[in-house]
1. Can you compute the modelled spin-label distance between THR101 and ARG24, with each label point 7 Å from Cα toward Cβ, in nm?
2. Measuring from label point to label point, each 7 Å out along Cα→Cβ, what is the GLU55 to MET141 span in nm?
3. So if I take the centroid of the Cα atoms in segment 22-87 and the same for segment 112-131, what is the distance between those two points in Å?
4. Residue by residue through segment 52-64, what is 3J(HN,Hα) from phi via Karplus (6.51 cos²θ - 1.76 cosθ + 1.60, θ = phi - 60°)? Round to whole Hz and write x for glycine and proline.
5. Tell me, in nm to one decimal, what length is gained between SER150 and SER79 on full extension, where the rule is 0.36 nm per residue of separation less the Cα-Cα distance?
6. Name the lysines eligible as straight-distance cross-link partners of LYS89: C-alpha to C-alpha under 21 Å, and not fewer than 8 places from it in the same chain.
7. Enumerate the calculated ³J(HN,Hα) couplings along segment 79-86 in order (Karplus 6.51 cos²θ - 1.76 cosθ + 1.60, θ = phi - 60°), each rounded to whole Hz, writing x wherever the residue is Gly or Pro.
8. Work through the residues other than ASP117 whose Cβ is under 15 Å from its Cβ and net out their charges, Lys, Arg +1 and Asp, Glu -1.
Amino acid sequence: HMYRNIISILAEIGNRSIIQSLARCIRHQNPEVRRETIKALSKIRTAETISLLVEALDDRDDQVQREACIGLGRMRDVSTAPILLGVIKPARSFRKERHRTKSVKAAALWALGEIGDQSAIPYFRNIMQKRSPLPFMGKGMGNLRAAAASALGRIGSDECRDILQQFSKDRND
């Protein structure tokens, strides 16, 4: 708890001089400390902090990965869009797919919506089209589809509007 509190205080200061100190905490054994570190780093927009957040996308804790996605979205750096797309794209190996939970993918969708990168629109459309034939098999898919719809709304182009209108009568809340 002490580490988390110190990190929170440093985050409030928001000074760039604390980046090196926070960078050491990204490898801390406690995932709560790593999550707080990611939150703190996302308040300081530099190339170094963006790099640290991208590195955190490969953390073993899915909540740390989720916070890294959210942090990248808050920074709205277009250069991170391809990396976030890599989070939501279907994985080429089973091991990598298990690494990305639906909550992490939903956070990446949110971040892409915040960034507003229109190259992600086809991926959003694909996610919106996915439905499970049996309700118990699609656990979490509705949340992922909702995150894609929300991201489309944040981008707000004519193409996004057309996709959203196509799904406006969807039975899923």
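1. 3.0
2. 3.8
3. 21
4. Taking θ as phi minus 60°, the curve returns 5, 5, 4, 4, 5, 5, 9, 4, 6, 9, 5, 6, 5 Hz for segment 52-64.
5. Residue separation times 0.36 nm, minus the Cα-Cα distance, leaves 23.4 nm.
6. Of all the lysines, those that pass the test against LYS89 - Cα under 21 Å, at least 8 places apart if same chain - are LYS102, LYS105, LYS130, LYS139.
7. 5, 8, 4, x, 5, 5, 4, x
8. With Lys, Arg at +1 and Asp, Glu at -1, the net is +2.
No lab work stands behind these numbers, since they all come straight from the coordinates. Note that the coordinates shown come from a computational prediction; the quantities given were computed from them, not determined experimentally. Cβ atoms come from the backbone with ideal geometry, glycine included; neighbour counts cover every protein chain shown.
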